[in-house]
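A.B. asks: Submitted below is the structure of interest, expressed as structure tokens.
The values are calculated or read from the model by the stated rules, or taken from the named source; none is laboratory data. Being a predicted model, the structure only gives us computed values, none of them experimental. In this analysis, Cβ positions are derived from the backbone assuming ideal geometry, glycine residues included, and neighbour counts consider all displayed protein chains. For accessibility, only protein heavy atoms count, side chains too; no ligands or nucleic acids. Shrake-Rupley method; radii C 1.70, N 1.55, O 1.52, S 1.80 Å.
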Amino acid sequence: MKLWGDLKSGNCYKIQLTAALLDIDLGWVDVDIMQGQTQTPEFLNMNPNGKIPLLQLKDGSYLSESNAIVNYLAFGSSLLPDTRLAFSQVQQWQFFEQYSHEPYVAVARFINKYLGLPDDRLAEYQAKQTGGNKALAVMEAQLSDTAYLTGDAITVADVCLYAYTHIADEGGFDLDYFPAIQRWLLTIAAHPKFIPMQS
């Protein structure tokens, strides 16, 4: 399998980390989104939505959307529980990541890290802080009660939220206010198959 992605992207990193935890080898194709490489006819032929990450499966077909790719890779493993409630709890956190966490934490980071915090995006960057801190507070409350987001074992819910949470400071978020999150981050990083982000 082959992954098209950007090493600075948390959405791409969550796939790389999932693959590492499961001993899955993925080929890598580096894509520069700032140079419009996801908008070329060649890329759009693979993914009409024009976004990374994009996974090419062994049969030559393509799968997009980071959490869908993560779940594809983790299917049948301990990272993706197969009982109805446990599976739904994982999805609950994955939807939270996409709708309540990433639009604030990841977007603030993008404005700062990718764009260099330009003056015309400063108000938007500052506006992201409230929503991002609210999302982190929700995670803090859960992680004050459980070792991982869905209980006592790591799942793809943790992998998906680890990706942008561990670099939240690059979006202006101070994790010193969230000790349970800090403990959780260290626990994940201590996993014997953990790989760091390469940005």
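A.B. asks: Criterion first (surrounded by fewer than 16 Cβ atoms within 10 Å (Cβ to Cβ) and in a helix (DSSP H, G or I)) does ALA163 satisfy it?
C.D. replies: no
A.B. asks: Mind checking which residues of the stretch 166-199 are outside any helix (DSSP H, G or I) and over 22 Å from ILE24 (Cβ atoms)?
C.D. replies: Within the stretch 166-199, ILE167, GLY172, PHE173, ASP174, PHE178 qualify.
A.B. asks: Here's a follow-up. If only one of VAL70, VAL138 is within 22 Å of THR165 (Cα to Cα) and surrounded by 20 or more Cβ atoms within 10 Å (Cβ to Cβ), which one is it?
C.D. replies: The match here is VAL70.
A.B. asks: Restricting the search to the stretch 34-54, which residues are part of a helix (DSSP H, G or I), open to solvent by 50 Å² or more (accessible area, probe 1.4 Å) and free of Cβ contacts under 8 Å to residues at least 40 places away in the same chain?
C.D. replies: Those that are part of a helix (DSSP H, G or I), open to solvent by 50 Å² or more (accessible area, probe 1.4 Å) and free of Cβ contacts under 8 Å to residues at least 40 places away in the same chain: GLN35, PRO41, GLU42, LEU44, ASN45.
A.B. asks: Can you name every residue in the stretch 74-120 that is basic (Lys, Arg) and either open to solvent by 70 Å² or more (accessible area, probe 1.4 Å) or not in a helix (DSSP H, G or I) (or both)?
C.D. replies: ARG84, LYS113
A.B. asks: Filter the stretch 1-26 for residues that are in contact with a strand residue (DSSP E or B) (Cβ under 6 Å, 6 or more places away or on another chain) and part of a strand (DSSP E or B); which is most open to solvent (accessible area, probe 1.4 Å)?
C.D. replies: LYS2
A.B. asks: Quick one: ASP158 ticks every box in (1) surrounded by fewer than 21 Cβ atoms within 10 Å (Cβ to Cβ); (2) touching a strand residue (DSSP E or B) at 6+ places or on another chain (Cβ under 7 Å) except a single one, so which number is it?
C.D. replies: Result: ASP158 fails condition (1) only.
A.B. asks: Something else about it: Go through the stretch 166-196 and give me each residue that's out of contact with any helix residue (DSSP H, G or I) (no Cβ under 6 Å at 6 or more places or on another chain), among the β-branched types (Val, Ile, Thr) and open to solvent by 40 Å² or more (accessible area, probe 1.4 Å).
C.D. replies: THR187
A.B. asks: Based on this model, can you work out whether LYS58 counts as closer than 22 Å to TYR164 by Cα, of a type in the set (D, E, K, R) and not in a helix (DSSP H, G or I)?
C.D. replies: no
A.B. asks: Does VAL29 meet the test of being among the aliphatic types (A, V, I, L, M), in contact (Cβ under 8 Å) with a residue 24 or more places away in the chain and either assigned to a strand (DSSP E or B) or exposed (fewer than 14 other Cβ atoms within 10 Å of the Cβ) (or both)? Working first, answer last.
C.D. replies: Details: among the aliphatic types (A, V, I, L, M): yes; in contact (Cβ under 8 Å) with a residue 24 or more places away in the chain: yes; either assigned to a strand (DSSP E or B) or exposed (fewer than 14 other Cβ atoms within 10 Å of the Cβ) (or both): yes.
Yes: the conditions hold for VAL29.
A.B. asks: On to the next question. Which ones in the stretch 121-132 are crowded, with 19+ Cβ neighbours inside 10 Å and either in contact with an Asp or Glu (Cβ under 9 Å, 6 or more places away or on another chain) or not hydroxyl-bearing (Ser, Thr, Tyr) (or both)? Full working, then the answer.
C.D. replies: Just the residues of the stretch 121-132 that are crowded, with 19+ Cβ neighbours inside 10 Å, to begin with: 125, 128, 132.
Hits for the stretch 121-132 are LYS128, GLY132.
A.B. asks: Given the criterion closer than 25 Å to ALA153 by Cβ, under 14 Å from the mean Cα position of the chain (by Cα), hydroxyl-bearing (Ser, Thr, Tyr) and modelled with pLDDT of 95 or more, identify the matching residue among THR18, THR83.
C.D. replies: On the way: THR83 fails: under 14 Å from the mean Cα position of the chain (by Cα).
Result: THR18 is the single residue among THR18, THR83 that is closer than 25 Å to ALA153 by Cβ, under 14 Å from the mean Cα position of the chain (by Cα), hydroxyl-bearing (Ser, Thr, Tyr) and modelled with pLDDT of 95 or more.
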